[in-house]
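One structure is given here, and the rest of the page talks about it.
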Amino acid sequence: MNRKTINILIGGPAGAGIESAGLLLGQSLNREGASVFISNEIMSLIRGGHNYNRVRFSFLEPVLCHDETVDIVVALDKDSFAEHLSQLREGGVFVYDKSLEGAATGAGGSTADGVDAPGVKMMPVDLVGTAKELGGEIYKNTVALGVVLGLMGEPLEYLEKMIRDKFGSKGAEVVDANIKALRAGAGFVSEVHFELERGDKFEEEMLLNGNDAFCLGAVAAGCKFVAAYPMTPASSIMHTMAAWGRKKGIVMKHAEDEIAAMNMIVGAGFAGARSMTCTSGGGFALMTEAVGLAGCAEVPCVIAESQRVGPSTGLPTRTEQGDLRQVMHASQGDYPRLVMIPGDVAECYSMGFDAFNLADKYQIPVIVLLDKYLSESIVSISGDHFGTEGLEIDRGKILDSSGASAASEEGFFKRYAESEDGVSGRTLPGTEKGEHVTTSYETDEFGEAVEDRENRVLEMNKRMRKMDGLLAELPEPELVGASADEAEITFVGFGSLKPVLEEVLTELDVKANILLIKHAVPFHSEKIEVILKAANRVILVEQNFSGMMGGVITENTGFKFDEKILKYDGRQMDSEFIINKLNSL
Amino acid sequence: MTELTDLQTKTNPNWCPGCGDYGVQAAVKGAIVKAGLKTSEVVISSGIGCGSKIPHWVKCYGFEGLHGRPLPVATGIKLANPELTVMAIGGDGDGYGLGMGHLIHSMRRNLDITYVIQDNQIYGLTTGQTSPTSEKGVRTKSTPEGAIEIPVNPIELGLASGATYIARGYAGNLPHLTSLIEGGLKHRGFALIDVFQPCVTFNKVNTYEYFNSRVYTLEDDESFVVAGPGDPDARCEASRRGREWGDKIPIGLFYREERPAYGDEEAALKESKPVDVPDKVVDIEELKSSFM
Ligand SMILES: Cc1ncc(C[n+]2csc(CCOP(=O)(O)OP(=O)(O)O)c2C)c(N)n1
Ligand code: SF4
Ligand SMILES: [Mg+2]
């Protein structure tokens, strides 16, 4: 059976090493030259339950996102039968441990294996028994990987090398056992099931997720202060920055709560560091007051908010785009801010970098809105996307002692001096002649709390004026795909739906294009209005209940959406979902 | 050398005449001068409340943030630039109410921060509600039938939480308060300085008269020795004195301990500090290779 792209799902309980197995497989295929996308669906528990990991790859076409339909399932638990048998494509293979044969009966009909799944090959393998003979049940995942490679006629050498690299530090015994397990697994396959179509090797030497990419951008930008409190799916940002701490001089403070974390980064930003925090919706809610503090006091800082399913604890480990309104509007009063929304791993890097420049330049809080799917799915990508050439550090208006003197009156520094672009020069503590109070109160130019009306209006206007300059320098939204006059359909979406929509374009029979919204505040209203009003047929696609971005667009442009594809079950929609919905609209 | 006149600000305080905060302000200024600090290298982080307005009236760097949050801001400042002398100052509601969690964690971290609490046992700026240090039974706007809770004891809280310099001052004894704050500034670690700060407008119980007739200084009491962790008896004594209340109330330094400050043990601060932002993009090639 020929295949351009293969999608492998490994299902089992939490704590069974499913994620590591998927990663190992993905890495070895990537090293062999494949384009790879690895995604996980996990429950909010540490042991038990049912989790799965999907590795989708191709040696022929770039793989941008996940696919709900799979070619091979490796079942390490009973739940996998009920959950995944029906997800197999015609001609797919269902590999399961022999001991689960009873479970198979429960799930389906009555073949020799106890299951009647038409067009699917059922393949019981003694994974556990084989593993135990080699030294322990722990090796069963490796046996399964051997089976998978065998089914595809893939050489074992890449995975064997991965095993040596990864487990080398654990000793020769572990490496040996794993390699034997892999070979034993492949030995269970008597004939190759899938013939993979091949093209040139992909130059996609890096495998990383959105959080990783964001961290690379932050480090490149000189971020050296992080304060955060763990919350899925943002936690890996704090882990990564902490791990790089010693090497790169990054102080990562695990704070007592999100309120503290946010106030700490405001303090560090005021002191002159490039500072950031990371959290999800619940933690961001706690930060709200201090985000406003940064806006009012005009302190640069960066907040990565990775969305998960809300409200409240919601589905803590699943994906959604439901915090858009929260990050846009979290506030007492009005203040300038920037909300950036990367759509893929490359944009996580570039926006992660830009966020710090823009925060410094406009002396505002910058929010980078991610979601679980983008934060945790791993893609293969060329290292060229993470270049530093051409990038510059722009710290905005930071004054030294003589600059401070020039901006002083009678020896008192004007921290909030009037200026055309709304941005005043600031001095960092330690700078002589720059002493002043940075404050959460409304103040005059000197930072002295005053309550008269004229001053309030003046200062408010000064701060909000920053948004004009900011909007002018943000890239305008562009259509991706067919040209505006050719496209029969224009999809509108944001964030992690980018690669999914891009895949839809490659699968549709009609010409279509995508309008991705990358900045929610400030908003390119005029450009977006022009694009949408000229479009033939507009379909809003969002991973939330109410079509939040659609609402934002309507507010800003008057454009109303008649057709919407929305999903809010905590699992990212795939291209097939969108196309099916499209057909029934 | 910094002189008192260098600390003069553009405006003058607007506290009620006779407010204990004038004493705190004078003591903070005096301590900065005595400790020989440059105004450009001192940062005062405050919260919100009457007392929290203090950064406006001590000329150095100031950050007047949110109610209850002077410590996290101070933490960010100190960890971003350990060369600065960082103080946090705020009211009893600010520090023992909203900010209580931050306080306990800051003490166990032993951040090198001097924290002065203007403890007037009342919420001043919000016109007189009960505070975490109000005495049981006190009638305020929010407790018209009398406060039901017992007050927080800052000295015992400090001992239990790992502060390494624990003191109590009185705004009515300026030389003593000044030297306590000076000691805190010189101490490498977390200094908790609770200050009796009469609120002449809303607290009609804990007045100057109340304190004048009750306070005695530990420094003048020969039977009291300040001791650190190596002396469990003295530590117990510090705790006992911390509980002393009624006819006699002690002020002074209760406890001191030498322990590495948080920043001293932070690996990332060994070679640089976060405020040293490079003017060129940071090289990430090595980090990138970890994803290959
Ligand atoms: C989040 C928040 N909650 C409530 C307030 C209102 N508020 C301002 S000051 C204050 C209490 C002040 O009491 P204290 O901290 O003891 O300071 P004092 O005025 O007595 O010096 C309160 C509740 C606020 N500013 N912010
Ligand atoms: S209300 Fe009390 S604490 Fe506030 S300024 Fe007046 S006397 Fe001082
Ligand atoms: Mg008070």
Practice task
Quick one: which residues, 5+ away or cross-chain, put their amide H under 5 Å from the amide H of residue A:70? H built at 1.01 Å from N.
Solution key: A:88, A:89
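To the nearest 500 deg cm²/dmol, what mean residue ellipticity at 222 nm is calculated for chain A from DSSP H runs of n ≥ 4 alone, each contributing -39,500 (n - 2.57), summed and divided by the residues? Could you put the intermediate results ahead of the total?
Details: 21 runs with 226 residues, N = 585.
After summing the helix terms and dividing by residue count, I get -11500 deg cm²/dmol.
Heavy-atom accessible area per residue, segment A:117-178, 1.4 Å probe: how many Å²? Mind showing how you got there, number by number?
On the way: 2760 Å² over 62 residues.
Heavy-atom accessible area per residue stands at 44 Å².
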Problem - For segment B:181-292: relative contact order, % (alpha-carbon pairs under 8 angstrom, 6 or more apart) - result: 25
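Would you tell me the mean number of C-beta atoms belonging to other protein chains that fall within 10 Å of each C-beta in A:377-389, as a whole number?
On the way: counts 0, 1, 0, 1, 1, 0, 5, 0, 0, 5, 4, 7, 1.
The shielding value for this peptide is 2.
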Problem - Backbone HN-Hα couplings from phi across segment B:39-44 [Karplus 6.51/-1.76/1.60, Hz, Gly and Pro as x] - result: 4, 6, 10, 10, 10, 10
Exercise for the section: Return P(r) of the protein assembly as shown (all Cα-Cα pairs; 10 Å bins starting at 0; whole %; ordered from short to long distances). Expected result: 2, 12, 19, 20, 17, 13, 10, 6, 2, 0
Handout entry: chain B - percent relative contact order, Cα under 8 Å, separation 6 or more
Key = 18
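Average partner chain C-beta neighbours within 10 Å, per residue of A:242-251?
Numbers: counts 2, 2, 5, 4, 6, 4, 7, 11, 4, 12.
For this peptide, the per-residue mean of nearby foreign Cβ atoms is 6.
If one computes P(r) from the Cα atoms of chain B, what percent of pairs lie at distances over 34 Å?
Working: 8622 of 42486 pairs.
Result: 20 percent of Cα pairs exceed 34 Å.
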Handout entry: Principal-axis tilt of helix B:70-80 within chain B, Cα atoms, nearest 10 degrees
Key = 30
Exercise for the section: Report the extension gain between residue A:157 and residue A:420 in nm, rounded to one decimal, defined as 0.36 nm multiplied by the number of residues separating them, less their alpha carbon distance. Expected result: 88.3 nm
Practice task
Report in % the part of the accessible area of chain A that belongs to carbon and sulfur, leaving out ligands and nucleic acids; probe 1.4 Å.
Solution key: 49
Exercise for the section: State which entries of A:253/A:397; A:433/B:280; A:518/A:560; A:433/B:273; A:170/A:248 exceed 24 angstrom in Cα-Cα distance in the structure shown. Expected result: A:253/A:397; A:433/B:280; A:170/A:248
Completion exercise
Interchain or sequence-distant (5+) residues whose placed amide H lies within less than 5 Å of the amide H of residue B:255 are B:166
Handout entry: Per-residue ³J(HN,Hα) for segment A:432-447, Karplus 6.51 cos²θ - 1.76 cosθ + 1.60, θ = phi - 60°, Hz, x for Gly and Pro
Key = 5, 6, x, 4, 6, 10, 8, 9, 7, 7, 5, 9, 8, 4, 7, x
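If you roll a 1.4 Å probe over the heavy atoms of the protein chains, what accessible area per residue do you get for segment B:4-264, in Å²? Intermediate values should be presented prior to the final figure.
On the way: 9380 Å² over 261 residues.
Roughly 36 Å² per residue, with all protein chains present.
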Exercise for the section: Please work out the C-alpha center-to-center distance from segment A:360-377 to segment A:403-439 and express it in whole Å. Expected result: 29
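Output the pairs from A:361/A:533; A:201/A:527; A:511/A:581; A:132/A:372; A:224/B:288; A:247/B:29 with a Cα-Cα distance over 28 Å in this structure; if there are none, say none.
Values: A:361/A:533 34 Å; A:201/A:527 39 Å; A:511/A:581 17 Å; A:132/A:372 36 Å; A:224/B:288 17 Å; A:247/B:29 40 Å.
The answer is A:361/A:533; A:201/A:527; A:132/A:372; A:247/B:29.
Among A:154-167, B:152-165, how do they line up by average Cβ neighbours within 10 Å per residue, starting with the highest?
Numbers: A:154-167: 17.4, B:152-165: 21.4.
The peptides rank, most packed first, as B:152-165, A:154-167.
Other chains' Cβ within 10 Å of A:434-446 residues: what's the mean? Spell out each step's value before the answer.
On the way: counts 2, 14, 9, 16, 9, 9, 9, 4, 0, 2, 1, 0, 4.
Taking the mean over all residues of the peptide, I get 6.
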Completion exercise
Once phi for every residue in segment A:379-384 is put through the Karplus expression 6.51 cos²θ - 1.76 cosθ + 1.60 (θ = phi - 60°), the whole-Hz ³J(HN,Hα) values, with Gly and Pro written as x, are 10, 8, 7, 6, x, 4
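How high is the relative contact order of segment A:207-386? Use alpha-carbon pairs under 8 Å, at least six apart in sequence, and give a whole percent. Mind dumping the intermediate values first?
Details: 419 pairs, mean separation 56.0, N = 180.
Relative contact order, segment A:207-386: 31 percent.
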Fill in the blank from the handout: Buried accessible surface, A vs B, both sides, probe 1.4 Å, in Å² to 100, equals 5400
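Charges at C-beta only: +1 for Lys and Arg, -1 for Asp and Glu. How large is the resulting dipole of the protein assembly as shown about its Cα centre, in Debye rounded to 20? Could the numbers behind the result be given before it?
On the way: 84 positive and 124 negative charges, 341 e Å.
With Lys and Arg at +1 and Asp and Glu at -1, about 1640 debye.
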Problem - Placed amide H near residue A:339: partners under 5 Å, 5+ positions off or other chain - result: A:367, A:520, A:521
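Where does each of A:414, A:527 land when they are ordered by accessible area, with a 1.4 Å probe and the largest first?
On the way: A:414 40, A:527 75 Å².
The residues order as A:527, A:414, largest area first.
The values are calculated or read from the model by the stated rules, or taken from the named source; none is laboratory data. From a predicted model like this one, the values you see are computed outputs, not experimental measurements. Note that each Cβ is placed from the backbone with ideal geometry, even for glycine, and that neighbours are counted across all protein chains shown. The protein model used for the area step is the full one, side chains on, heavy atoms only, and it has no ligands, DNA or RNA in it. Shrake-Rupley method; radii C 1.70, N 1.55, O 1.52, S 1.80 Å.
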